[in-house]
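Comments concern the structure below.
The values are calculated or read from the model by the stated rules, or taken from the named source; none is laboratory data. All values reported here derive from a predicted model rather than from experimental measurement. In this analysis, Cβ positions are derived from the backbone assuming ideal geometry, glycine residues included, and neighbour counts consider all displayed protein chains.
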Amino acid sequence: MDEEPTNRPKDEPPGTEFPSAETLEDLVRNIARVRERIAAAALRAGREADDIRLLPVSKTVPEDRLRLAVQAGCHLLGENKVQEAHRKSENLADLDVAWSVIGHLQTNKAKLVAGFASEFQALDSLRVAEALDRRLQAAGRSLDVFVQVNTSAEDSKYGLPPGEVPAFLARLPRYGALKVKGLMTLALFTSDTERVRECFVLLRTIRDRARQDVPDGIGLEELSMGMSGDYEIAIEEGATVVRVGQAIFGRRPTSDSRYWPSTP
């Protein structure tokens with residue numbers, strides 16, 4: 001067992017003892033462990049493990065290790081920062097790998113995403129939808145997208161307030177190059193698993209209600225929710241995509257408190 005890092009936040013969710021992955025064998029081992037836990041969570045929820053997509057999140061992971069990850073079977077990788085994702089997509093263009101952008105997008109970077117990404121999981125404004133659609137139309141491409149919802153009601157988080165989701169979905173059919181697949185959220189970063197679960201239950205509830213009058217051409221089959229510390233809870237509450245980074249690649253050198261807001 002690796003020594004516990006000193007920068008681990010005191011409120012970090014349970015199940016976050018992430019073994020390092022420096023070799024192909026390490027990655028194969030970690031991926032297998034994650035898939036085993038996905039299967040166990042699916043079984044508890046009466047679901048099929050094959051209905052849940054594992055999205056490995058490779059932010060901050062160097063490219064030499066990503067080459068090993070592709071060898072280990074990772075052919076779709078998620079990145080938070082557009083420029084980092086674009087650089088990696090160019091440097092690893094010789095590999096069979098596609099890219100999912102899962103972080104907030106500014107309109108001035110829409111051209112980059114439209115050029116290389118196969119998926120965008122953080123759509124939360126019509127300005128971004130318009131910018132992406134315009135660039136995609138010009139390139140003759142389409143892009144799978146998820147609408148991000150702020151289920152934790154934190155000002156520091158991106159995403160639509162739950163009450164604005166139906167009206168937002170109603171306006172998306174005009175952007176023909178965007179293929180809406182479902183909803184995405186980030187739960188509270190806390191060791192209180194019930195508060196985490198509430199975020200996932202809320203996203204599922206929003207999706208189920210929106211299905212009643214969703215516009216033609218808008219898909220709401222997918223729920224992207226759950227990360228390394230809470231993906232099993234997310235699966236129990238209906239996740240079809242789980243975004244897992246540290247449980248595959250090992251703990252990052254910076255603690256997750258840098259990426260998540262603190263909670264009381």
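Here are the numbers:
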{"quantity": "Inter-residue pairs, beta-carbon under 8 Å, first closer than 20 Å to Thr151 by Cβ and in region 106-133, second among the polar types (S, T, N, Q) and outside any loop (DSSP other than H, G, I, E, B), 6+ apart", "calculated": "Phe120/Ser100; Gln121/Ser100; Gln121/Gln148; Gln121/Ser224; Ala122/Gln148; Leu123/Gln148; Asp124/Gln148; Val128/Thr107"}
{"quantity": "Search result, residues across region 182-215 that are in contact (Cβ under 8 Å) with a residue 60 or more places away in the chain and closer than 14 Å to Val149 by Cα", "calculated": "Met184, Leu186, Leu188"}
{"quantity": "Selected residue (only one of Phe189, Phe168 is closer than 22 Å to Arg243 by Cβ and in contact with a Phe, Trp or Tyr (Cβ under 7 Å, 6 or more places away or on another chain))", "calculated": "Phe189"}
{"quantity": "In region 20-54, residue farthest from the chain's Cα centre (by Cα) [restricted to those that are at pLDDT below 95 and loosely packed, with under 15 Cβ neighbours inside 10 Å]", "calculated": "Glu22"}
{"quantity": "Qualifying residue in region 47-63 (condition: touching a residue at least 12 places away in the same chain (Cβ under 8 Å), over 30 Å from Asp192 (Cβ atoms), out of contact with any Ser or Thr (no Cβ under 7 Å at 6 or more places or on another chain) and in a helix (DSSP H, G or I))", "calculated": "yes"}
{"quantity": "Residues that are polar (S, T, N, Q), touching a strand residue (DSSP E or B) at 6+ places or on another chain (Cβ under 6 Å) and in a helix (DSSP H, G or I), drawn from region 104-136", "calculated": "none"}
